[in-house]
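A.B. asks: Below is the structure I would like to discuss, written out as structure tokens.
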Amino acid sequence: MFQLRTRRDLVLFLVICTLIFGMGLLFLARPPQPLPDDATAYRAVGGTLHEVTVTSAGRRGDWVQFRVANDARTFELNHLGATEQAASWRPGQTALSFYVLQPEGEPGAELPVRAYGMVVDGHAGRALATDIASANAAVYPWVGLFPLGLGLLGYIVAFFRWRSLPAA
């Protein structure tokens, strides 16, 4: 375990506490926004798969970026099992339909547009309500209190440890 033995250790510890405290302030100033629950906030998009551009499978989730024929935007499917679902997709043959948020996904956008409620060849993979609930499960208005409290606790520990350090 890391022990504060010198003033240099204390300064490093204070820098880390300050970064954590700043992250907490940032989360409180700009909290994450939940997705709207109303289905009218989403627009249906459909078409034939043009290409799968990028896939990634990780510990926290899978994501697939793809394009639909006659649409210049890149879409992203982001949930656990997305890469397995996309493994059976065939360019030019697989019919896809899904929803995107209304304000997002304007033509010419550089970032991928998140797809919700994917239906592949008439078979629903995940419902729109399931995707919305999954995305909103991680959004809490008080998420910044944890790093804020952790940073303050670090300051308190550093203060008491500083008092017990030997004089230089």
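A.B. asks: Counting only DSSP beta bridges with both residues in the chain, tell me the antiparallel percent, nearest 5.
C.D. replies: Details: 24 of 26 bridges.
If we restrict to bridges inside the chain, about 90 percent are antiparallel.
A.B. asks: In what sequence, highest mean first, do 20-27, 39-46 appear when ranked by Cβ atoms within 10 angstrom? Walk me through the numbers on the way to the answer.
C.D. replies: Values: 20-27: 16.5, 39-46: 13.2.
Answer by packing, highest mean first, reads 20-27, 39-46.
A.B. asks: Between the helical axis of 145-164 and the dominant principal axis of the chain, each derived from Cα atoms, what acute angle in degrees is found, rounded to the nearest 10?
C.D. replies: Computed tilt is about 20 degrees.
A.B. asks: What whole-number value in Å² describes the accessible area per residue of the chain for a 1.4 Å probe? Display every interim value, and only then the final one.
C.D. replies: Details: 10850 Å² over 168 residues.
I get 65 Å² per residue for the chain.
A.B. asks: Carbon and sulfur together cover what percent of the accessible area of the stretch 39-138 at a 1.4 Å probe radius?
C.D. replies: On the way: 2830 of 5490 Å².
It is 52 percent, rounded to a whole number.
A.B. asks: Here's a follow-up. Please report the net charge: other residues with Cβ closer than 13 Å to the Cβ of T94, K and R +1, D and E -1. Present the calculation step by step, with values, prior to reporting the outcome.
C.D. replies: Numbers: positive: R67, R90; negative: E51, D121.
In short, 0.
A.B. asks: Continuing with the same structure: Using the beta-carbon distance between R8 and L152 and R0 = 30 Å, what value does 1/(1 + (r/R0)^6) give for FRET efficiency, to the nearest 0.05? Don't skip to the answer; put the middle values down first.
C.D. replies: Details: r = 23 Å, r/R0 = 0.75.
Using R0 = 30 Å, I get an efficiency of 0.85.
A.B. asks: Still on this structure, I have one more. From the Cα gyration tensor of the stretch 31-168, with a ≥ b ≥ c the square roots of its eigenvalues, which class applies: rounded if a/c is under 1.5, or else prolate if a/b is larger than b/c, or else oblate? Present the calculation step by step, with values, prior to reporting the outcome.
C.D. replies: Values: a/c = 3.08, a/b = 2.48, b/c = 1.24.
Here the stretch 31-168 falls in the prolate category.
A.B. asks: Take each of the peptides 77-88, 139-150, average the number of other beta-carbon atoms within 10 Å over its residues, and list them starting from the highest.
C.D. replies: On the way: 77-88: 16.6, 139-150: 14.6.
So the order, starting with the most tightly packed, is 77-88, 139-150.
A.B. asks: Tell me which of S97, T53, A133 sits at the most positive position along the dipole axis of the stretch 39-138, charges placed on C-beta atoms (Lys, Arg +1; Asp, Glu -1).
C.D. replies: A133
A.B. asks: What is the magnitude of the charge dipole of the stretch 39-138 about its Cα centre, with +1 placed on the Cβ of each Lys and Arg, -1 on the Cβ of each Asp and Glu, and no other charges, expressed in debye to the nearest 20?
C.D. replies: Details: 8 positive and 10 negative charges, 32 e Å.
Charge dipole of the stretch 39-138: 160 debye, to the nearest 20.
A.B. asks: Assigning unit charges at the beta carbon (Lys, Arg +1; Asp, Glu -1) and nothing else, what dipole magnitude in debye, to the nearest 20, does the chain show about its Cα centre? Don't skip to the end; give the middle numbers.
C.D. replies: Details: 14 positive and 13 negative charges, 227 e Å.
Magnitude of the dipole: close to 1100 debye.
The values are calculated or read from the model by the stated rules, or taken from the named source; none is laboratory data. The shown structure was predicted, so the numbers you read here are calculated from the model rather than taken from an experiment. Here Cβ is always computed from backbone atoms with ideal geometry, including for glycine, and neighbour counts include all displayed protein chains. Keep in mind that these areas ignore ligands, DNA and RNA; they rest on the heavy atoms of the full protein, side chains included. Shrake-Rupley method; radii C 1.70, N 1.55, O 1.52, S 1.80 Å.
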